[in-house]
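What follows is a set of notes on a single structure, which appears directly below.
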Amino acid sequence: MSLSWLWSRALLTDRRILWLLFISNLVGTVYGYYWYWGQLTSVWSTQPAWQIVFVPDSPTGSLFFTLALLGLLFPPASRLMRGAVRLIEALAIVTSVKYGVWAISIIFWDAALGNPIEPLSWMLIASHGIMAIEALLYVRFFSLGTLWLIPAAIWTFTNDTVDYTYGIFPYLSLQHLAIIDQVRNFTFGLTAASVLAGWLAIRGGGRGARSVYTS
């Protein structure tokens, strides 16, 4: 068995693997929303209700990827549903890469500012690393074209804007709060880089050429 088999179409699109990924990502998504529960309730009670959707960043990215896996397990039959799945795929790619890398970067950045990396943070590093990798790994099995990245980019840049305009970004250390402008600039730059990574991955995989279902 060659190492290339580990990321082959035969293995990664096996329904048993897809179901395993779906369940694990679903559990991770639920845990992620639980992780944000304190901030969610705080924003709900002190800020306009419409802002609540922009609070949980990583869990929402994980939710998009979970739904994209569901699209691979149950290929849509109608044109409308295919469009919806492609939008979800685009959102999954951009947000999974963006928030996966963002969380890891913030943890190590925090360590550079003098805060030790706690055992729980290593779990977050591992889970968010997997989050980014699996999204890029499955791009070649998705059916979206590069134009679907436009609404995904709009959503993610809007999320950034709301986060840093209304102060509902994920909780940060005091050291990071002291340099919040740098964190904000890094966040916007990472969104742009994630859209570019998605574009390169789609172009490299070929639009729909290797997807599990056809249009």
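The values are calculated or read from the model by the stated rules, or taken from the named source; none is laboratory data. No experiment lies behind these values; they were computed from the predicted model shown. Only protein heavy atoms, including side chains, enter the accessible area calculation; ligands, DNA and RNA are left aside. Shrake-Rupley method; radii C 1.70, N 1.55, O 1.52, S 1.80 Å.
The phi-based Karplus calculation (6.51 cos²θ - 1.76 cosθ + 1.60; θ = phi - 60°) puts the 3J(HN,Hα) values of the stretch 171-184 at 4, 10, 5, 4, 5, 6, 5, 5, 10, 4, 4, 5, 4, 4 Hz, whole numbers, x for Gly and Pro.
Normalised by the number of residues in the stretch 25-178, the average gap of Cα pairs under 8 Å and 6 or more apart makes the relative contact order 27 percent. When E89, E118 are compared by accessible area of protein heavy atoms, the largest-first order is E118, E89, using a 1.4 Å probe. Based on C-alpha pairs under 8 angstrom that are at least 6 apart in sequence, the stretch 89-162 has a relative contact order of 50 percent.
In the stretch 96-215, Rg over Rh equals 1.04, where Rg is the alpha-carbon radius of gyration and Rh the Kirkwood radius from pairwise Cα distances.
With an 8 Å Cα cut-off and a minimum separation of 6 or more residues, compute the relative contact order for the stretch 1-112 in percent. Could you put the intermediate results ahead of the total?
Values: 76 pairs, mean separation 28.6, N = 112.
With pairs under 8 Å counted, the relative contact order is 26 percent.
Solvent exposure of the stretch 15-173, expressed per residue, is 47 Å² of accessible area, with all protein chains present and a 1.4 angstrom probe.
For Y33, the accessible surface of its heavy atoms amounts to roughly 70 Å² (probe 1.4 Å, protein chains only, rounded to the nearest 10). The three principal axes of the C-alpha atoms in the chain carry coordinate ranges of 49, 40, 28 Å, sorted with the longest axis first.
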